[in-house]
Structures are given as C-alpha cells and as structure tokens.
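Written below as structure tokens is the structure these notes are about.
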Amino acid sequence: MIQELKISRKDMDLIQAELEANKPYEACGVLVGTINGSTALVEKALPVANARRTRTSFELEPKEFYNAWSEAEKNGKEIVGVYHTHPVSSAVPSLWDRETMQNVLGVWLIAGADGMRAYVWENGVKAVKIML
Ligand SMILES: [Zn+2]
C-alpha cells in the first residue's frame, strides 16, 4: 500500500495554477511516475480536461487520459495517481470521491481551498503523506 507521495514544488505549483484557472469548476489530471514499495514518485503532473466540468465532481476526459497513459507506458512510467481540485472546499474526499476511489487505483491528490492532501483507498480512505 502506498504511504508516501513524492512530488516536486514545480508540479504542486502547476496543480495550484490549474485550481485557480478552472475556478469555480474542478480541474483534474494524472500523476505520472513510478511506484517503489510504499512510495509513489511523481515525475510529472499532467492536466487532463474535466469531461464533467462541474463544481463538485470530475471525470478525466477519456481520450486525453488514454494519451497520457500510453505516453507514460512508452517511457516506462506509469500513472501513479490522479489529482483534482476542490476550489471552494477543503482537500477531503467528497462522497462522490469516496465512491469513485474504490474503482480507481493509485494515489488521489486533492488540492483544496485549504491546501493539498493525498489519499488511497484501502478498505476505506487512508491518508498518504506528501513529501516534497
Ligand atoms: Zn473531489
């Protein structure tokens, strides 16, 4: 189980900029990198269009997601998780997030109005430590 997410300041800034740019709607994207034991190392945060474009949910646009996945695969990387934003609420999984998390493996990084937090689903929502 993933317990730690390593991400660069640059990628965190990019996600924060995406939060601001898409307000009041949620923004989303994928985290490309590698998983080593209990650590997910993010090498690149890649924005993906939110096919739902709502204030309370997101859906990675399927074609863009596929392109991100195949690009990662080609470079020997994987999608270690997804990120999305909560522009007007805290970085805590919503009811919708909790239901969706059960079907989407990897780390869930949420950028909220109160900062960023990361989670995985492992018989329930578990916190993942963010390391810069
Ligand atoms: Zn959410």
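Rule-based calculations on the coordinates, nothing more; no lab input. Keep in mind that what you see is a predicted model, and the values were worked out from it rather than measured. Note: ideal-geometry Cβ built from the backbone for every residue, glycine included; neighbour counts use all protein chains shown.
Quick look at the numbers
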quantity	calculated
Theoretical ellipticity at 222 nm over the chain - DSSP helices of four or more residues, -39500 (n - 2.57) apiece, nearest 500	-8000 deg cm²/dmol
Fewest-first sequence of Met12, Met1 by Cβ atoms within 10 Å of each Cβ	Met1, Met12
Restricting region 32-132 to GluC sites (Glu not before Pro) in coil, as DSSP defines it, with at most 12 other Cβ within 10 Å	Glu122
Under 18 Å between alpha carbons - lysine pairs in region 4-131 that sit 8 or more apart or on different chains	10
Antiparallel bridges, percent of DSSP beta bridges restricted to region 4-131 (to nearest 5)	70
Ascending count of other beta-carbon atoms within 10 Å, so fewest first, for Ile130, Ile79	Ile130, Ile79
Which of Ser70, Ser57 has the fewest Cβ neighbours within 10 Å, and the rest in rising order	Ser70, Ser57
